[in-house]
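Participant: Here you go, one structure.
The values are calculated or read from the model by the stated rules, or taken from the named source; none is laboratory data. Since the model is a prediction, treat every value here as computed from it, not as a measurement. Neighbour counts run over all protein chains shown; Cβ positions are idealised from the backbone, glycine included.
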């Protein structure tokens with residue numbers, strides 16, 4: 001998958017989210033995979049290998065955690081979902097997803113700036129991150145799983161109140177990167193590392209991961225909706241996602257092994 005293709009898919013996903021539209025399916029026979037955007041690079045590789053091996057057609061709809069929760073709650077028809085484990089947990093408790101799941105992996109939080117930022121922030125230590133965030137003109141992070149983790153980090157650093165006044169909270173990671181690349185001044189973005197890397201040739205510069213004391217990981221898993229649990233095609237896709245080869249594809253795309 002080329003960087004251009006990856007960016008186009010992510011941009012299309014952001015446009016879909018902006019309208020809060022249900023993705024539906026282009027053809028009745030297509031499999032519909034719902035996925036969190038943070039694992040998109042791995043999902044693209046896994047779905048490509050699945051389609052090549054089976055001939056099945058798969059349509060992918062990417063969304064942030066709140067949108068995935070909404071889609072699951074509405075009971076729309078889909079075949080497989082990849083989401084943060086907290087989303088999977090809630091949907092399984094509500095009886096919307098079959099009890100089984102397969103852990104995909106985890107994604108950490110990174111720091112990014114505009115590609116033309118005059119000065120790169122120092123992020124090697126907890127105190128350095130705290131200082132850089134306090135010195136930024138704007139701090140940009142999303143309203144999905146990564147953003148919730150960032151909120152906790154700001155609270156832990158004792159600067160949540162100061163940062164909130166000059167923070168911006170797009171819905172998802174794509175929105176964070178788009179806002180960051182078109183910004184100005186001394187701005188800092190925090191997002192899933194995989195999503196930052198998709199934009200690094202599109203006006204965004206990846207500074208690096210949060211240092212270990214501050215690092216938080218979002219864990220993702222795959223699951224089947226109750227209605228599709230007995231579907232041969234849905235089961236085939238789910239089983240493919242759970243293979244060692246697919247796990248290697250996720251790892252190659254920057255998704256760390258599950259804890």
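Participant: Given the structure, is residue 40 part of a helix (DSSP H, G or I), in contact with a strand residue (DSSP E or B) (Cβ under 7 Å, 6 or more places away or on another chain) and over 25 Å from residue 193 (Cβ atoms)?
Facilitator: In short, no.
Participant: Residue 51 - would you say it is at pLDDT 95 or above, surrounded by fewer than 17 Cβ atoms within 10 Å (Cβ to Cβ) and in contact with a strand residue (DSSP E or B) (Cβ under 9 Å, 6 or more places away or on another chain)?
Facilitator: Judged against the criteria, residue 51 is a match.
Participant: Just to be sure, is residue 104 buried (at least 19 other Cβ atoms within 10 Å of the Cβ), at negative phi and assigned to a strand (DSSP E or B)? Full working, then the answer.
Facilitator: Values: buried (at least 19 other Cβ atoms within 10 Å of the Cβ): yes; at negative phi: yes; assigned to a strand (DSSP E or B): yes.
In short, yes.
Participant: Take the stretch 213-229 and flag every residue that is surrounded by fewer than 17 Cβ atoms within 10 Å (Cβ to Cβ) and at pLDDT below 95.
Facilitator: 226, 227, 229
Participant: Given the conditions (1) assigned by TED's automatic domain parsing to the domain that holds residue 186; (2) surrounded by fewer than 19 Cβ atoms within 10 Å (Cβ to Cβ); (3) within 24 Å of residue 220 (Cβ to Cβ); (4) at pLDDT 95 or above, and given that residue 148 satisfies all but one, which numbered condition is not satisfied?
Facilitator: With (1) assigned by TED's automatic domain parsing to the domain that holds residue 186; (2) surrounded by fewer than 19 Cβ atoms within 10 Å (Cβ to Cβ); (3) within 24 Å of residue 220 (Cβ to Cβ); (4) at pLDDT 95 or above applied to residue 148, the lone miss is (4).
Participant: Looking only at the stretch 233-259, which residues are surrounded by fewer than 15 Cβ atoms within 10 Å (Cβ to Cβ) and not in a loop (DSSP other than H, G, I, E, B)?
Facilitator: Hits for the stretch 233-259 are 239, 244, 245, 248, 251, 252.
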